[in-house]
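The values are calculated or read from the model by the stated rules, or taken from the named source; none is laboratory data. Predicted model, so just to flag it, every value in this text is computed and none were measured. Note: ideal-geometry Cβ built from the backbone for every residue, glycine included; neighbour counts use all protein chains shown.
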Amino acid sequence: MMTDVVTQLIADFPELAHLSRQDLEDLLNDSNYFQAVFNSLPRVKAMYDAQTELGNANASIANNNLALQDRLYQLRSETQDAFNEAKVLEAKWKEVEKEQRDVYQKFTPQFLLMRLRHSVTAQDDASERLATAFVQHQSLSSSSESHSGTSTPSGKQIEDFIKEYKESRKVYHKRVIWSDRWSRGQVEWRDD
């Protein structure tokens, strides 16, 4: 059995062929002797050289990484600051968008139509109040006229009332016309 091991050892490591049988047996039995011979083999030396070379390359890379470490930490900090600023700006953006929607809400076609309809009603009420006030003033004047003997309103007062009432009703009818056109789909809104 020992012969088979020695034969296999020489087959795997031809560099050991110059050793005597006794040296080979000693090699297998003495771990210190084995390590000394093993470490002197060209393949093992080449492996150790490659390992040393890789270690030196790793050390060089590590030194290079250490040299870049401060810049990396600085960039990481700058990136974090930029990210935080972006988050703040994103929150502000949402607030501005909400404000913009609120402002634009006042200019949507539906809102403007509602305002137009309210203004039609308000204008009609205003012109009716104007007429009612004139009629009440006339009836007060008539009743005081019979008691005091004063005359009816002057032509200027009547003319002023007619002019004011006519303007008020003109505005009312224009608004009604626009409201009717809008209801029939004849008003087109552009977003530009």
Margin query: Under 8 Å between Cβ atoms, which residue pairs at least 6 apart in sequence (or on different chains) link something in segment 160-171 that is closer than 10 Å to GLN123 by Cα with a partner that is assigned to a helix (DSSP H, G or I)?
Written below: SER168/GLN123; SER168/ALA126; SER168/SER127; SER168/LEU130; ARG169/SER127; VAL171/GLN123
Check: Restricting attention to segment 71-109, and to residues there that are at pLDDT 95 or above and among the small types (Gly, Ala, Ser), which single residue is nearest to GLU188 (Cα to Cα)?
Finding: ALA86
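May I ask you to say which residue of LEU54, LEU66, LEU75 is surrounded by 11 or more Cβ atoms within 10 Å (Cβ to Cβ) and among the aliphatic types (A, V, I, L, M)? Before the answer, list the steps.
Working: LEU54 fails: surrounded by 11 or more Cβ atoms within 10 Å (Cβ to Cβ); LEU66 fails: surrounded by 11 or more Cβ atoms within 10 Å (Cβ to Cβ).
Being surrounded by 11 or more Cβ atoms within 10 Å (Cβ to Cβ) and among the aliphatic types (A, V, I, L, M) holds for just one of LEU54, LEU66, LEU75, which is LEU75.
Select from segment 9-34 the residues that are surrounded by fewer than 12 Cβ atoms within 10 Å (Cβ to Cβ) and among the hydroxyl-bearing types (Ser, Thr, Tyr) and write down the one among them that is farthest from LYS45 (Cα to Cα).
For segment 9-34, the residue satisfying everything is SER20.
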Checklist line | Some residue of segment 92-106 being surrounded by 11 or more Cβ atoms within 10 Å (Cβ to Cβ) and in contact with a Phe, Trp or Tyr (Cβ under 9 Å, 6 or more places away or on another chain) | finding: no
Check: Taking segment 35-54 on its own, how many of its residues are among the aromatic types (Phe, Trp, Tyr) and at pLDDT 85 or above?
Finding: 1
